[in-house]
1. Given (1) over 22 Å from residue 100 (Cβ atoms); (2) open to solvent by less than 80 Å² (accessible area, probe 1.4 Å), where does residue 56 come up short, assuming only one miss?
2. Exactly one condition in (1) within 19 Å of residue 115 (Cα to Cα); (2) in contact with a helix residue (DSSP H, G or I) (Cβ under 7 Å, 6 or more places away or on another chain) is false for residue 102; which is it?
3. Within the stretch 36-49, identify whether any single residue is open to solvent by 70 Å² or more (accessible area, probe 1.4 Å), more than 28 Å from residue 95 (Cα to Cα) and at pLDDT below 95, and answer yes or no.
4. Taking the residues in the stretch 74-120 that are in contact (Cβ under 8 Å) with a residue 12 or more places away in the chain, open to solvent by 30 Å² or more (accessible area, probe 1.4 Å) and among the aliphatic types (A, V, I, L, M) as candidates, determine which candidate is nearest to residue 38 (Cα to Cα).
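The values are calculated or read from the model by the stated rules, or taken from the named source; none is laboratory data. None of these values were measured; they are calculated from a predicted model. Positions of Cβ are generated from backbone atoms using ideal geometry, with glycine treated the same way; all protein chains shown enter the neighbour counts. Please note that ligands, DNA and RNA were not included when accessible areas were found on the heavy atoms of the full protein model with its side chains. Shrake-Rupley method; radii C 1.70, N 1.55, O 1.52, S 1.80 Å.
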Amino acid sequence: MYGASGIRAHIRKHVKEAKWLEAQLVEDGRFEIMAPVVFGLVVFRVKASIIAGNAHDVNKTNAELVKRINNDGRVFLVGTKLRGVDALRPAIGSSRGTPENTALLLKVIKECTTNVLSEH
């Protein structure tokens, strides 16, 4: 479909978008990156210091955020557990993906985070 050079360009594009998303999440201040960004995979969570409560409450809030984002319907991501901690894991790499899709993902993450945190 792409050829070797096309595949390399596709991967570079999505790595760049994932790094942009990582930087935006860190800049927001409410999120922490849980693992190095590899290819188009960004693993993050809402910082424990932002959530009132214990480790269970932090995990519960991050799991709720995954549900809220997916129920919103504009984007989809998966939740994961990393070293026993709930985290969010969007993957950027669709052949039809655009920087605008990644910007929308960030917008939805921020909006849903604001809503979830306001309820706790």
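1. Only one criterion is unmet by residue 56, namely (2).
2. Unmet condition: (1).
3. yes
4. Here the residue is 91.
So that you can scan it fast, the table gives a plain yes or no per residue for (1) part of a helix (DSSP H, G or I); (2) hydroxyl-bearing (Ser, Thr, Tyr); (3) more than 17 Å from residue 77 (Cβ to Cβ):
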residue	(1), (2), (3)
5	yes, yes, yes
9	yes, no, yes
13	yes, no, yes
20	yes, no, no
27	yes, no, yes
